[in-house]
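First comes the structure, then the notes that go with it.
The values are calculated or read from the model by the stated rules, or taken from the named source; none is laboratory data. The structure displayed is predicted, hence computed values, not measured ones. We place every Cβ from the backbone using ideal geometry, glycine too, and count neighbours over all the protein chains shown. Accessible surface is based on the protein model in full, side chains and every heavy atom, while ligands, DNA and RNA are left aside. Shrake-Rupley method; radii C 1.70, N 1.55, O 1.52, S 1.80 Å.
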Amino acid sequence: MPTVLTHAVAAAARAPMARTRRLWPLAAVGAACAVAPDLDVVGFALGVDYGDPLGHRGLSHSLAAAALLAAVVVACVPGWRRPAVGLYLFAATASHGLLDMLTDGGLGVALLEPFVNERLFFPVRPVEVSPIGLSGFLTRRGAEVIASEALWVWLPSALAFALLARGLRQPADDGGR
């Protein structure tokens with residue numbers, strides 16, 4: 001899996017797609033949505049097997065879970081009840097599973113749960129899998145992971161943000177206030 005920071009960066013970078021003037025609060029919520037799928041690690045303490053549909057990279061990493069979380073957030077924030085905001089929050093959450101599918105470790109991602117019980121990877125997996133715990137980053141391997149994420153996620157995310165934010169110069173829908 002990519003680092004928590006990388007999941008947040010990738011999601012926040014796409015916030016301008018929601019076409020709202022309240023970009024930073026939405027980007028922060030999008031980043032939180034992108035990190036949320038990894039809350040499934042609680043299952044380890046509860047005895048849930050990694051490969052179980054409710055295990056790590058299981059149902060919580062699916063497109064169905066991304067749609068549900070986006071719908072709940074949009075329903076809870078009256079100013080965000082717009083299709084563009086819902087689409088952004090869905091994309092932010094779904095990006096977690098998609099990024100995990102680019103890594104070179106783990107059992108794959110249950111992107112299509114609950115409809116298809118299969119773990120998937122992309123055919124090309126250039127992102128180094130992240131070590132668990134802070135001490136893992138204070139090693140040569142940790143540096144390799146950060147360099148891999150910078151190249152394959154942070155740089156494209158910065159470019160996406162720049163291109164999307166450029167579109168904000170045009171009149172935005174102020175429904176997101």
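Which value at 222 nm does the chain reach when only helices count, each DSSP H run of 4 or more adding -39,500 (n - 2.57), with the total divided by all residues and rounded to the nearest 500 deg cm²/dmol?
Computed ellipticity for the chain at 222 nm equals -14000 deg cm²/dmol.
How much of the accessible area of the chain, in percent, comes from carbon and sulfur atoms when a 1.4 Å probe is used?
Summing carbon and sulfur atoms, their accessible area is 71 percent of the total for the chain.
Rounded, prolate or oblate for the chain? Axes are the square roots of the Cα gyration tensor eigenvalues, ordered a ≥ b ≥ c, and the cut-off for rounded is a/c under 1.5.
Judged from the Cα gyration tensor, the chain comes out oblate (a/c at least 1.5, b/c at or above a/b).
Past the 20 angstrom mark, what percentage of all C-alpha to C-alpha distances in the stretch 103-167 do you count?
That tail contains 49 percent of the Cα-Cα pairs.
Of the listed peptides 88-99, 25-36, 141-152, 122-133, what is their order by residue-averaged count of other C-beta atoms within 10 Å, with the highest listed first?
Order by mean packing, descending: 88-99, 25-36, 141-152, 122-133.
If you roll a 1.4 Å probe over the heavy atoms of the protein chains, what accessible area per residue do you get for the chain, in Å²? Intermediate values should be presented prior to the final figure.
Working: 9150 Å² over 177 residues.
Using a 1.4 Å probe on heavy atoms only, each residue of the chain averages 52 Å².
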